[in-house]
Structures are given as C-alpha cells and as structure tokens.
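The values are calculated or read from the model by the stated rules, or taken from the named source; none is laboratory data. These numbers come from a predicted model, not from an experiment. Quick reminder, even Gly has a Cβ in these numbers, built from the backbone with ideal geometry, and neighbours come from all protein chains shown.
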Amino acid sequence: MNGMHSRQYARHYGTRVSVGIGATEVFMYADDQTRLSSHMSGSSWKMGAGKMNIEFDEDRGQKVGSRIKLSGRVFGIQLSVEEIENRRNPPYRKTWETISPPRLLVIGHYRMGFEITPQYNASEFRVFIDYHLPRTAPARWLGFLIGDYYVRWCTTQMADDTANRS
C-alpha cells in the first residue's frame, strides 16, 4: 500500500534545510518519531508550559499502517491526536495523517511528512504539513490568528533538529 490520501487540505507549509549527510542516514534519523517530535515532548513557553507524550503501536510509526498517538496538556488544555503512517518510500519520503478528529488548539486534521533529495555528499530535507483549521469556535478563530505561526515553528523545529543532529 503506497498511499491513503483521503483528504484535500486547505493550507500548506513546508521548511527546507541542507543536511551534510546522505539521504539514507537522514531518513534513518527522521524516521524515529521521538526525534522528529522532540520539540513537543519537552516543556517550553511555545508549548504553553506543557508537553505532549507519544505512544506507539508495535511498528513505532515506521511502517505503512502504523499508528502514533500524541496526548498532553498545552496552556492547561488537554490535547490529543492519533496519526497513521500512510506513505513510505525510504530513503526519500514518508507521510502520516490524522485518523480521528484531533483535539488540538490551532489546527484541525492534517497530513504531515518529509522528503529527502540527495545532493552530492549531502541532502535537502523538507518537512511539510497540509492542514485544515479547527472546525469549531473558538479554536477556529485561534487557528486563523496563529495557526500559520504554529506550523512554521513546528516544521522549522523538525527540519533544524534533523539538520543539527544527523
């Protein structure tokens, strides 16, 4: 199964960085969701002094059909989202998508992923997100105001963490 793209998304954002290692090594690093999501698992002011915990199925988010659940508190509000890996083409691409209504503050359903393009002795690493705003107020208004800022921060954190640690 190569893809399960079930939705069209209203918004898109992506961040690109150059990584000084080959595509296979970049993929191996980024394929570990604990590394890729590390910006959300530590308490910070951008996470409202909260953090998200990551739960995996037996495939740890490293196989098409594998599930990942994130849950925690942000700004004192309980949040959760469940994702499924829906496309995998090592060492070039991986995507995952929400599978149930997410309980998030500034974005709704989303598809997220990364692409790796080999470049001589290095790689270009692109993290992207296709997403909707939340469906109901006040989260929809909050998403309209700061959703774009949040997805820029999130994709930049993922890309920079990969570039700096691989």
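Scan segment 63-98 for residues that are outside any strand (DSSP E or B), free of Cβ contacts under 8 Å to residues at least 60 places away in the same chain and crowded, with 17+ Cβ neighbours inside 10 Å and jot them down. Reasoning before the result, please.
The first filter runs over segment 63-98 and keeps only residues outside any strand (DSSP E or B), leaving 63-66, 75-76, 90-92.
Narrowing further to those that are free of Cβ contacts under 8 Å to residues at least 60 places away in the same chain: 63, 66, 75-76.
If the condition is that a residue be outside any strand (DSSP E or B), free of Cβ contacts under 8 Å to residues at least 60 places away in the same chain and crowded, with 17+ Cβ neighbours inside 10 Å, then Ser66 is the only one that fits.
Of the residues that make up segment 121-133, is at least one at pLDDT 95 or above and in a loop (DSSP other than H, G, I, E, B)? Checked segment 121-133: at least one residue is at pLDDT 95 or above and in a loop (DSSP other than H, G, I, E, B).
Here is a check on your reading of the model: is Arg16 under 15 Å from the mean Cα position of the chain (by Cα), surrounded by fewer than 18 Cβ atoms within 10 Å (Cβ to Cβ), modelled with pLDDT of 90 or more and not in a loop (DSSP other than H, G, I, E, B)? Yes; evaluated as a whole, the condition is true for this residue. Does Gly61 qualify as being on the phi > 0 side of the Ramachandran plot and in contact with a helix residue (DSSP H, G or I) (Cβ under 9 Å, 6 or more places away or on another chain)? Answer is yes for this residue.
Do we find that Asp148 is in contact with a helix residue (DSSP H, G or I) (Cβ under 8 Å, 6 or more places away or on another chain) and part of a helix (DSSP H, G or I) in this structure? When the stated conditions are applied, Asp148 does not pass them.
For (1) at pLDDT 90 or above; (2) of a type in the set (Ser, Thr, Tyr); (3) under 15 Å from Tyr9 (Cβ atoms), each residue gets a yes or a no:
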{"residue": "Gly76", "(1), (2), (3)": "no, no, no"}
{"residue": "Glu85", "(1), (2), (3)": "yes, no, no"}
{"residue": "Arg111", "(1), (2), (3)": "yes, no, yes"}
{"residue": "Gln119", "(1), (2), (3)": "yes, no, no"}
{"residue": "Gly147", "(1), (2), (3)": "yes, no, yes"}
{"residue": "Asn164", "(1), (2), (3)": "yes, no, no"}
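Every residue in segment 99-122 that is among the basic types (Lys, Arg) and buried (at least 20 other Cβ atoms within 10 Å of the Cβ), please. Once the filter is applied, which keeps residues that are among the basic types (Lys, Arg) and buried (at least 20 other Cβ atoms within 10 Å of the Cβ), segment 99-122 yields only Arg111. Residue check: Met158 meets all listed conditions (1) without any contact (Cβ under 8 Å) to a residue 40 or more places away in the chain; (2) within 13 Å of the chain's Cα centre (by Cα) but one, namely (1).
Residues of segment 43-62 that are part of a strand (DSSP E or B) and either among the charged types (D, E, K, R) or modelled with pLDDT of 95 or more (or both): Lys51, Glu55.
Output the residues belonging to segment 19-33 that are under 14 Å from Gln62 (Cβ atoms) and assigned to a helix (DSSP H, G or I).
From segment 19-33, those under 14 Å from Gln62 (Cβ atoms) are 27-33; that's our starting set.
Result: Phe27, Met28, Tyr29, Ala30, Gln33.
Using the structure shown, decide if Thr24 is modelled with pLDDT of 95 or more and surrounded by fewer than 16 Cβ atoms within 10 Å (Cβ to Cβ). Answer is yes for this residue. Scan segment 134-142 and tell me whether some residue there is touching a residue at least 60 places away in the same chain (Cβ under 8 Å) and either part of a strand (DSSP E or B) or under 17 Å from the mean Cα position of the chain (by Cα) (or both). Taking every residue of segment 134-142 in turn, none turns out to be touching a residue at least 60 places away in the same chain (Cβ under 8 Å) and either part of a strand (DSSP E or B) or under 17 Å from the mean Cα position of the chain (by Cα) (or both).
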